[in-house]
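K.L.:
Have a look at this one.
The values are calculated or read from the model by the stated rules, or taken from the named source; none is laboratory data. Since we're looking at a predicted model, the values are computed, not measured. Note: ideal-geometry Cβ built from the backbone for every residue, glycine included; neighbour counts use all protein chains shown.
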C-alpha cells in the first residue's frame, strides 16, 4: 500500500493503524472531532503543538506527519540502535579474536540461519 501523500492522509492512516476513532483522538488531544475531521481531510492543517501531540500519540516523528519523511517509529529506531550496538560489540570482539574464535562464530551464525529457516 502506498504511503499517504498529504498530512491529512498520514493522520488518518496513523489513527486507523492505532485502532482509534476520531473521537478517541479528539478526547486525548482535547480538541473537537470536527478538528480531527478537518485535519484528516486536508481542509485545515493542525498547528505545530497539535502536530507534536499527534506524533506522541501515534509514536512517530513530527517530520513524518508534516512531510512524509523520517517516518520511522520510535520503537523501530530503538530496534535499529540496539542492532547497531550489537554489531559494534561483534566488531570489537572480532578485532581481538583469533582464528579459532572466528571459526566458532561462523558455526554459530550458520546454526542461527538454519534455525530461522526452520521456524
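K.L.:
Could you name every one of the helices (runs of 4 or more DSSP H) located completely within the range 11-105 that has at least 3 residues being modelled with pLDDT of 95 or more and on the phi < 0 side of the Ramachandran plot? Let's see the steps before the verdict.
P.N.:
Values: elements: 22-29, 33-40, 48-57, 62-67, 74-96.
Result: 22-29, 33-40, 48-57.
K.L.:
Moving to a separate point now. For the condition crowded, with 17+ Cβ neighbours inside 10 Å, out of contact with any strand residue (DSSP E or B) (no Cβ under 8 Å at 6 or more places or on another chain) and free of Cβ contacts under 8 Å to residues at least 24 places away in the same chain, what is the one hit in 22, 10, 37? Lay out the reasoning, then the answer.
P.N.:
Working: 10 fails: free of Cβ contacts under 8 Å to residues at least 24 places away in the same chain; 37 fails: crowded, with 17+ Cβ neighbours inside 10 Å.
Residue meeting the stated conditions: 22.
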